[in-house]
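The values are calculated or read from the model by the stated rules, or taken from the named source; none is laboratory data. Worth saying up front: this structure is predicted, and the values here are computed from it rather than measured. All Cβ positions, even for glycine, are placed from backbone atoms using ideal geometry, and neighbour counts span all protein chains on display. Areas reflect the complete protein model, heavy atoms only, side chains present, ligands, DNA and RNA absent. Shrake-Rupley method; radii C 1.70, N 1.55, O 1.52, S 1.80 Å.
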Amino acid sequence: TRRKGESKMKKRIVTTALALCLLLPFVLSTAGCASDTALVLRVYNWEDYISEPTENEDGTVEDDYVDLIAEFEKAYYAETGTRVRVEYSTFGTNEKMYNELQINPGSYDLVCPSDYMIMKMISEDMVEKFSDDFLTNSNYAKYASPYIQNLFEANYATVNGEEHSWADYSVPYMWGTMGYVYNPALSDTIEDDLSSWAGLWSEAYASVATIKDSVRDSYFLGVAVAYRDELMRLKEEYNADEMTLSDEKYAEYNAKVTEIMNRTDEDTLERTKDALLELKENLYGFEVDSGKQDMIAGRISINFAWSGDAVYTMDDAEPYTDEETGKEVPGIYLNYIVPEECSNIWFDGWVMPKGANTELAEAFINFLSDPTNAVANMNYIGYTSSIAGDAVFEEMVDWYSEGEAGDTDEEGNPLVPYDLNYFFNGTSDGAHADGDFIIYVSAESAKRQISAQYPTEEVLVRSAIMQHFDDETNAAVNEMWEEVKGLPIPVWAYVVIAVIAAGIAVIALSYVYKGKRRDSKPKKGYHAVK
């Protein structure tokens with residue numbers, strides 16, 4: 001009996017052990033899940049569009065720039081006691097981002113499209129609203145430039161037949177203008193010539209300039225030249241050279257400029273195409289990113305550029321002292337100009353796609369909207385943040401200030417005031433009073449990086465936002481652009497084609513005349529199929 005009991009006991013032990021063995025993988029996987037309780041925030045952003053440390057070819061990482069994603073993960077845990085992991089992906093064009101969201105809806109919590117794509121996504125009811133608490137109590141609400149916030153509140157998109165402010169659905173991230181980066185040493189008249197968009201059409205600048213290989217941006221350039229006379233009459237009528245953002249006529253004038261610059265009727269398409277085809281004869285080429293290096297290397301002398309790229313170009317082109325060798329490295333001083341007719345004021349902004357974890361997405365934007373983090377971003381990206389505040393202004397003073405009121409530059413000329421009150425007023429924590437956001441620079445410096453980072457009010461009053469085009473209009477504009485980009489067939493090619501065609505006709509006629517007709521002979525090892 002005892003042996004029977006021992007045998008049963010052994011069987012139970014063996015059975016239990018086997019059961020535990022079978023359960024072990026499940027237990028381990030469950031334990032893994034329990035330890036990985038971090039929330040996941042899925043962010044989809046432009047390439048190279050957030051501060052991150054430099055990764056060397058050997059895999060080592062330098063701490064030359066702030067790792068804002070890692071810092072957010074730490075800050076969120078410190079504040080909430082909950083871990084968060086950011087899954088960060090990048091895209092190269094608005095259209096690629098849009099298509100990805102169409103194919104994989106619900107894949108991301110936060111994406112960063114440009115102005116016209118923001119309008120499209122809002123109109124198609126693709127994005128969530130921001131919470132009232134975020135829009136009133138966040139770092140964004142406190143530190144975003146009042147000028148930028150007002151622009152978003154004043155622009156609307158149609159959702160299910162109703163007008164909704166951009167501010168309900170989108171938060172601006174970076175912003176700027178478009179203009180020309182140019183080498184002032186190229187000619188004595190280049191600044192005057194490029195004070196109009198049409199200056200690039202001059203034969204004097206043949207083969208030294210590039211424009212954007214981007215239909216929306218270069219279309220804008222073509223429209224500005226096609227309607228130059230109307231834009232200049234409008235500017236004179238409203239005395240826009242003397243206008244500020246607080247002028248009672250500002251909204252009316254800007255709306256008219258915006259209407260002109262977003263025209264897409266048949267006549268506008270034809271006039272714009274003709275203008276761009278004429279310009280194409282003068283161009284060094286089309287580019288999206290290579291224009292910066294071409295300017296720095298001196299291969300070109302004029303580049304139609306986004307203001308953020310202009311800052312990067314001017315910074316890297318300047319002569320500097322090598323810290324290791326102490327030697328002077330030669331370079332060139334470049335300028336930035338926004339022509340007198342108008343400009344495009346562009347934005348990249350955060351939106352939360354349908355189904356997003358809105359609470360986590362808002363926490364991430366709130367973190368990026370801290371002025372200290374905005375400075376870290378600007379240092380890395382080179383573009384201008386929509387965030388103001390003391391930390392940002394003091395960084396700009398450090399970058400650009402050459403003295404105080406009444407001081408002179410190296411040549412003894414008085415420094416000129418560069419007024420940034422329109423951007424920074426109302427965002428100080430107490431270090432600065434409204435009205436005091438002025439940086440004193442030399443007259444030459446006022447034409448360079450600071451003008452690209454923060455355009456003057458005189459530039460902004462004549463700057464239009466690109467509107468969203470519907471599918472039919474997009475197709476028409478893209479067709480026009482394909483005609484502009486298409487390679488022309490040279491005369492000699494027409495001659496060759498004509499000769500070949502004539503030869504084929506002669507051979508065909510000879511076969512008809514002789515009454516010969518035969519099937520082609522199959523290749524060796526193959527059989528003709530009847």
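One table, with the values for the structure above:
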read-out	value
Condition broken by Leu283, with the remaining ones in (1) part of a helix (DSSP H, G or I); (2) open to solvent by 20 Å² or more (accessible area, probe 1.4 Å) satisfied	(1)
Subset tally (residues that are under 21 Å from Lys212 (Cβ atoms), among the polar types (S, T, N, Q) and either open to solvent by 60 Å² or more (accessible area, probe 1.4 Å) or at pLDDT below 95 (or both)) for the stretch 234-280	0
Failed item, numbered, when Ala144 is tested on (1) in contact (Cβ under 8 Å) with a residue 12 or more places away in the chain; (2) open to solvent by 10 Å² or more (accessible area, probe 1.4 Å)	(2)
Hits in the stretch 387-428 - residues which are among the polar types (S, T, N, Q) and touching a strand residue (DSSP E or B) at 6+ places or on another chain (Cβ under 9 Å)	Ser401, Thr408, Asn421, Thr427
Close pairs from the stretch 198-216: first more than 27 Å from Arg263 (Cβ to Cβ), partner open to solvent by less than 10 Å² (accessible area, probe 1.4 Å) and at pLDDT 95 or above, Cβ under 8 Å, at least 6 apart	Val208/Ile300; Val208/Ile302
Test for Tyr116: is it in contact with a helix residue (DSSP H, G or I) (Cβ under 8 Å, 6 or more places away or on another chain) and open to solvent by 60 Å² or more (accessible area, probe 1.4 Å)	no
Strands (runs of 3 or more DSSP E) lying entirely in the stretch 162-219 (those with 1 or more residues that are open to solvent by less than 10 Å² (accessible area, probe 1.4 Å))	171-176, 178-182, 209-212
When residues of the stretch 122-138 are limited to those that are part of a helix (DSSP H, G or I) and touching a helix residue (DSSP H, G or I) at 6+ places or on another chain (Cβ under 7 Å), the one most open to solvent (accessible area, probe 1.4 Å)	Leu135
Qualifying residues in the stretch 205-233 (those that are β-branched (Val, Ile, Thr) and modelled with pLDDT of 95 or more) - the one nearest to the chain's Cα centre (by Cα)	Ile211
Odd one out for Arg518 among (1) modelled with pLDDT of 90 or more; (2) exposed (fewer than 10 other Cβ atoms within 10 Å of the Cβ); (3) farther than 30 Å from Glu270 by Cα	(1)
Flag for Ile337 being touching a Phe, Trp or Tyr at 6+ places or on another chain (Cβ under 6 Å), open to solvent by less than 40 Å² (accessible area, probe 1.4 Å) and closer than 18 Å to Ile69 by Cα	no
Residues satisfying the stated conditions in the stretch 345-373, i.e. closer than 30 Å to Asn239 by Cα and touching an Asp or Glu at 6+ places or on another chain (Cβ under 7 Å)	Trp346, Phe347
Members of the stretch 346-374 that are β-branched (Val, Ile, Thr), touching a strand residue (DSSP E or B) at 6+ places or on another chain (Cβ under 6 Å) and either surrounded by fewer than 22 Cβ atoms within 10 Å (Cβ to Cβ) or at pLDDT below 95 (or both)	Thr358, Ile365
Qualifying helices (runs of 4 or more DSSP H) (wholly inside the stretch 385-493; at least 2 residues being farther than 27 Å from Met314 by Cβ and open to solvent by less than 50 Å² (accessible area, probe 1.4 Å))	471-485
Residue count for the stretch 26-41, restricted to those that are open to solvent by 60 Å² or more (accessible area, probe 1.4 Å) and at pLDDT 95 or above	1
All positions within the stretch 299-311 that are touching a residue at least 60 places away in the same chain (Cβ under 8 Å) and either closer than 26 Å to Glu203 by Cβ or touching a helix residue (DSSP H, G or I) at 6+ places or on another chain (Cβ under 6 Å) (or both)	Ile300, Ser301, Ile302, Asn303, Phe304, Ala305, Ser307, Asp309, Ala310, Val311
Qualifying positions in the stretch 147-161 - assigned to a strand (DSSP E or B) and either crowded, with 21+ Cβ neighbours inside 10 Å or polar (S, T, N, Q) (or both)	Ala157, Thr158
The listed residue being of a type outside the set (Lys, Arg) and in contact with a helix residue (DSSP H, G or I) (Cβ under 6 Å, 6 or more places away or on another chain), out of Leu283, Leu279	Leu279
Checking Ala167 against (1) modelled with pLDDT of 95 or more; (2) touching an Asp or Glu at 6+ places or on another chain (Cβ under 8 Å); (3) small (Gly, Ala, Ser), the condition it does not meet	(1)
Among the residues listed as Thr358, Thr384, Thr408, the single one being more than 30 Å from Asp229 (Cβ to Cβ) and free of Cβ contacts under 8 Å to residues at least 40 places away in the same chain	Thr408
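Residues are listed down the side, and each one gets a yes or a no for (1) open to solvent by 60 Å² or more (accessible area, probe 1.4 Å); (2) at pLDDT 95 or above; (3) acidic (Asp, Glu):
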{"site": "Ala70", "(1), (2), (3)": "no, yes, no"}
{"site": "Glu73", "(1), (2), (3)": "no, yes, yes"}
{"site": "Tyr77", "(1), (2), (3)": "yes, yes, no"}
{"site": "Thr80", "(1), (2), (3)": "yes, yes, no"}
{"site": "Lys96", "(1), (2), (3)": "yes, no, no"}
{"site": "Tyr140", "(1), (2), (3)": "no, yes, no"}
